[in-house]
Amino acid sequence: MTDDVVRSPLDAVRSLAHVAALTTLADKVQPAHTALLVIDMQNDFCANDGFVAKGGRDVSLVQSMAKRLPGFIELARRAGALVVFVRCDYSTPQNRYLSDVWLEQAARRQGGGYTLSPVCQSGECGAEYYGVRPDATDIVVTKHRYDAFHGTDLDLILRSNGVRTVVLTGVSTHVCVETTARTAFVRDYYTVVVADGCAAYSAQEHEASLKVIDRFFAEVVVMDAIRPHWPTAAI
């Protein structure tokens, strides 16, 4: 009788994958193949006089998160991870980017944003960075939809720099962060979402999104779980 061989799921991963799998957080976030994405940290989504706050949403959780981001971004820079700022450019005077589908959704659900008032229009205060800012070594990607990959050169940048893992931060957890996490995963990037490095406009929205992300698309961790693996960045 042949003895059955009991294998763990990770053992099966190692035998089935055609390249060496990254099976621990330490492996995934090695700076040499990791990019930190800082998503949509702009006044319209974060500031008291921005689009979201003017619409009656509570931005306090976003603002608290924003205070934690600068040190974490500097940590990534000093460790040698690629830092990518992703910013929205939605409204333009000639409406260059917003389709009828987008505008119809906005008319129903966005309280006049995108239709009666601009959102993240370049050159306006609402499009400016909130709480953080790229430096000369960082890359900036401009997007026109929730997904940081859609219609941008983000994938080309990541693959050209040998990136295997993306670490996601920013706003909002349940919209642009989650949409980008889904796409990163289906494009075969290891995806890590930093729970205390992203935020939504209620704790319920944030936690519900993280639960879905963790189940299907990414590993959800806190900043302190990553810091030991970026030791040269200690500040």
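The values are calculated or read from the model by the stated rules, or taken from the named source; none is laboratory data. Values in this document were obtained by computation on a predicted structure and should not be read as measured data. With ideal geometry, Cβ positions are generated from the backbone for all residues, glycine too; neighbour counts draw on all protein chains shown.
Mind checking which pairs have a first residue in segment 149-165 that is on the phi > 0 side of the Ramachandran plot and a second that is in a loop (DSSP other than H, G, I, E, B), Cβ under 7 Å, 6 or more apart or different chains?
Correct list of pairs: 151/144; 151/145.
When only residues in segment 7-60 that are among the β-branched types (Val, Ile, Thr) and in a loop (DSSP other than H, G, I, E, B) count, which is nearest to residue 153 (Cα to Cα)? Lay out the reasoning, then the answer.
First pass over segment 7-60, keeping only residues among the β-branched types (Val, Ile, Thr): 13, 19, 23-24, 29, 34, 38-39, 52, 59.
This time we only want the ones that are in a loop (DSSP other than H, G, I, E, B), so: 19, 23-24, 29, 59.
Working: 19: 25, 23: 28, 24: 28, 29: 22, 59: 30 Å.
Only one residue tops the list, namely 29.
So residue 195 clears everything in (1) aliphatic (A, V, I, L, M); (2) under 14 Å from residue 69 (Cβ atoms); (3) not in a strand (DSSP E or B) except one condition, right? Which one?
In the conditions (1) aliphatic (A, V, I, L, M); (2) under 14 Å from residue 69 (Cβ atoms); (3) not in a strand (DSSP E or B), residue 195 misses (3) alone.
Within segment 176-195, is even one residue within 23 Å of residue 48 (Cβ to Cβ) and either modelled with pLDDT of 95 or more or touching a His at 6+ places or on another chain (Cβ under 6 Å) (or both)?
Start the filter on segment 176-195 by keeping residues that are within 23 Å of residue 48 (Cβ to Cβ), which leaves 176-177.
Now narrow it down to the ones that are either modelled with pLDDT of 95 or more or touching a His at 6+ places or on another chain (Cβ under 6 Å) (or both): 176-177.
Yes, there is a match, as at least one residue in segment 176-195 is within 23 Å of residue 48 (Cβ to Cβ) and either modelled with pLDDT of 95 or more or touching a His at 6+ places or on another chain (Cβ under 6 Å) (or both).
What are the residue pairs meeting all of these: first residue in segment 105-129, first residue farther than 12 Å from residue 52 by Cα, second residue in a loop (DSSP other than H, G, I, E, B) and not aromatic (Phe, Trp, Tyr), Cβ atoms under 6 Å, and 6 or more apart or on different chains?
Here the result reads 106/115; 107/115; 121/91; 122/89; 127/120; 127/121; 129/41, each pair linking segment 105-129 to a residue that is in a loop (DSSP other than H, G, I, E, B) and not aromatic (Phe, Trp, Tyr).
Which of the residues spanning segment 115-142 are surrounded by 13 or more Cβ atoms within 10 Å (Cβ to Cβ) and more than 22 Å from the chain's Cα centre (by Cα)?
So the first thing to find is which residues in segment 115-142 are surrounded by 13 or more Cβ atoms within 10 Å (Cβ to Cβ), and the list is 115, 117-122, 124, 126-134, 138-139, 141-142.
115, 117, 118, 124, listed by residue number.
Any residue that is surrounded by fewer than 17 Cβ atoms within 10 Å (Cβ to Cβ), touching a helix residue (DSSP H, G or I) at 6+ places or on another chain (Cβ under 8 Å) and of a type outside the set (Gly, Ala, Ser) - is there at least one of those in segment 174-192? Outline the logic, then answer.
We begin by selecting, within segment 174-192, every residue surrounded by fewer than 17 Cβ atoms within 10 Å (Cβ to Cβ); these are 185-188.
Still in the running and touching a helix residue (DSSP H, G or I) at 6+ places or on another chain (Cβ under 8 Å): 185, 187.
So of that shortlist, the ones also of a type outside the set (Gly, Ala, Ser) come out as 185, 187.
So far as segment 174-192 goes, yes, one or more of its residues are surrounded by fewer than 17 Cβ atoms within 10 Å (Cβ to Cβ), touching a helix residue (DSSP H, G or I) at 6+ places or on another chain (Cβ under 8 Å) and of a type outside the set (Gly, Ala, Ser).
Going by what's in this entry, would residue 23 be described as at pLDDT below 95 and touching a Leu at 6+ places or on another chain (Cβ under 7 Å)?
Values: at pLDDT below 95: yes; touching a Leu at 6+ places or on another chain (Cβ under 7 Å): yes.
So residue 23 fits the description; yes.
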